[in-house]
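The values are calculated or read from the model by the stated rules, or taken from the named source; none is laboratory data. All figures in this text were calculated on a predicted structure; none of them were measured in a lab. For neighbour counting, all protein chains shown are included, and Cβ atoms are generated from backbone atoms with ideal geometry for every residue, glycine included. For accessibility, only protein heavy atoms count, side chains too; no ligands or nucleic acids. Shrake-Rupley method; radii C 1.70, N 1.55, O 1.52, S 1.80 Å.
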Amino acid sequence: EAIDSLNYFLEIGKPNSLILQNKALALMYIKHYHEALKCYNEALKLDSRLISVYPNKTEILMKLRRFEEAKKCADQGLEVDPNNSELFYLRGLALSHLEDHLGAIESFKTAISLNPDYLDAIIHKGLSYLAIDMRHEAIRVFNKALKIDPGLKNYVRKVLRGHKKKHHHH
């Protein structure tokens, strides 16, 4: 329904980046990631400085497991807006999927320096430290997360326990 009316506007008017973005969001919501990606690419063709497009496009590429492209997309967005903490966070996620945990940690650190209470970035920074067996660093980072949200205690405990188990089989 919503997508039909957005299509109608796209047909009657000249391509409009806002309508394309709204259509892409609607498509994302119903998990039509390939079509959503097309809309975002169209919107960026109209205006490559549309900063709001880059995080969404990066997220779609990650859902499609296209992590190299996701990292590139975040990088392109950061050229437009070098202080975008969300893009640094998403770039970190893409890097961790590409097994570049040190690169991921750097991206998460930058996201956190731009937005000190960025819980997702803090948690993923901890997870990246765990992935490279820097357990003490990870615990330090998780403690920072717990200061912001004490409700994460069970989650953190589970993560650390799971990690310990994994590494006692050598």
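Work out, step by step, the length gained on full extension between residue 83 and residue 137: first 0.36 nm times the residue separation, then minus their alpha carbon distance; give nm to one decimal.
The span from residue 83 to residue 137 would gain 16.9 nm if fully extended.
Tell me the angle of helix 2-12 to the major Cα principal axis of the chain, expressed in degrees between 0 and 90 and rounded to the nearest ten.
Helix 2-12 sits roughly 40 degrees off the main axis of the chain.
For region 109-164, with only Lys/Arg (+1) and Asp/Glu (-1) charged at the beta-carbon, what is the dipole magnitude about the Cα centre, in debye rounded to 20?
Charge dipole, region 109-164, about its Cα centre: 280 debye, nearest 20.
Against the longest alpha carbon principal axis of the chain, how many degrees, from 0 to 90 and to the nearest 10, is the axis of helix 101-114 turned?
70
Accessible area of region 22-136 with a 1.4 Å probe: how many percent of it is carbon plus sulfur?
Ligands and nucleic acids excluded, carbon and sulfur reach 51 percent.
Could you order 134, 62 by accessible surface area, starting with the largest, using a probe radius of 1.4 Å?
Ranked from most to least accessible, the order is 134, 62.
Any idea what angle helix 85-97 forms with the longest principal axis of the chain, computed on alpha-carbon atoms, 0 to 90 degrees, nearest 10?
Helix 85-97 and the main axis of the chain meet at about 70 degrees.
Relative contact order for region 20-170: what percent, with Cα pairs under 8 Å and sequence separation of 6 or more?
Averaging sequence separation for qualifying contacts and normalising by length gives 12 percent for region 20-170.
Enumerate the residues in region 58-95 having an amide nitrogen under 16 Å from the point lying 7 Å beyond the Cα of residue 149 toward its Cβ.
Zone members listed by number: 86, 89-90.
Over region 93-147, what is the mean sequence separation of C-alpha contacts under 8 Å (at least six apart), divided by residue count, expressed as relative contact order in percent?
29
For region 132-143, just list the computed ³J(HN,Hα) in residue order, Karplus coefficients 6.51, -1.76 and 1.60, θ = phi - 60°, integers in Hz, with x standing in for Gly and Pro.
Using θ = phi - 60°, the values come out as 10, 6, 9, 4, 5, 4, 4, 4, 4, 5, 4, 4 Hz.
Can you tell me the dipole magnitude for the chain around its Cα centre, using point charges on the Cβ only (Lys, Arg +1; Asp, Glu -1), in Debye to the nearest 20?
1000
Which order do 58, 110 take when ranked by solvent-accessible area (1.4 Å probe, heavy atoms of all protein chains), largest first?
From most exposed to least exposed: 110, 58.
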